[in-house]
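Each reported figure results from applying straightforward, stated rules to the coordinates on display, with no laboratory input. None of these values were measured; they are calculated from a predicted model. Every residue, glycine among them, receives a Cβ derived from its backbone with ideal geometry; neighbour counts consider all protein chains shown.
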Amino acid sequence: MLPGQPGSGDRFSEAIMPNQATTSSDAPHLPRSAPIEAYGKGGFAFADMSHRGSLLCLPDGIWAWPVTKLTEIDEYSLDRVFKAANSIDTLIVGTGTDVWLPPRGLREALRAVHVVLDAMQTGPAIRTYNIMLGERRRVAAALIAVP
């Protein structure tokens, strides 16, 4: 696929994702997992919809995630991951455009519930998430939106 086309998991243009409002709610945007089709311009496209802001992709749904900076990633911001830990083996954290070494305490807390944490920039995180999802692996992703 060409960059910017749905399904490519690549960055996209305003034509693919027009201005969308960021929302926060207790309801998921989508009540199931789905591959990320495109990203950039501060948001993501998936399942024929788009979202401005960061995302938390779990086996039971795709949720708005209020995290915008690496310093905001902690047990509290990943509460949904801990609650769904029995259906997750790997958590991929998309760190925006920055590189991040997760704090030891967070790694240990996730390990205690049998979830492996793998952090990388958001682009590679999306591609890895999509591949693992396609392989029907027990994967989740916490993705910081990139400009």
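Worth a mention:
- Residues with amide H under 5 Å from that of GLY61, placed H, sequence gap 5 or more: ARG32, SER33
- Net length available on complete extension from ASP26 to ARG136 is 37.0 nm, with 0.36 nm assigned per residue and the Cα-Cα distance removed.
- Our coupling estimate for region 33-49, obtained by passing each phi through the Karplus curve with A = 6.51, B = -1.76, C = 1.60 and θ = phi - 60°, is 7, 7, x, 8, 8, 7, 8, x, 6, x, x, 9, 10, 7, 6, 6, 9 Hz, Gly and Pro reported as x.
- Among PRO35, ASN86, LEU58 - extreme Cα towards positive end, dipole of region 27-101, charges at beta-carbon: PRO35
- Computed from backbone phi, the HN-Hα couplings of region 66-73 come to x, 6, 10, 9, 4, 5, 8, 7 Hz, rounded to whole numbers (Karplus: 6.51 cos²θ - 1.76 cosθ + 1.60, θ = phi - 60°; Gly and Pro given as x).
- For GLY43, distant residues with modelled amide H under 5 Å away: GLY53, VAL146
- Cα pair distances in region 28-143, grouped into 5 Å bins until the bin that holds the longest one, percent each: 2, 12, 26, 28, 21, 9, 2, 0
- Using θ = phi - 60° in the Karplus curve 6.51 cos²θ - 1.76 cosθ + 1.60, the 3J(HN,Hα) couplings for region 133-147 round to 5, x, 7, 6, 7, 8, 10, 9, 9, 10, 10, 7, 5, 10, x Hz; x is entered for Gly and Pro.
- Size of electric dipole in region 28-143: Cβ of Lys, Arg +1 and of Asp, Glu -1, about Cα centre, debye, nearest 20: 100
- For LEU117, the residues whose amide H sits under 5 Å from its own are LEU91, ignoring neighbours fewer than 5 places away on the same chain, with H placed 1.01 Å from N.
- DSSP-assigned coil residues among chymotrypsin sites (Phe, Trp or Tyr not before Pro) in region 68-102, each with at most 11 further Cβ atoms within 10 Å: TYR76
- FRET efficiency estimate (nearest 0.05) - Cβ-Cβ, ASP48 to ARG104, R0 30 angstrom: 0.15
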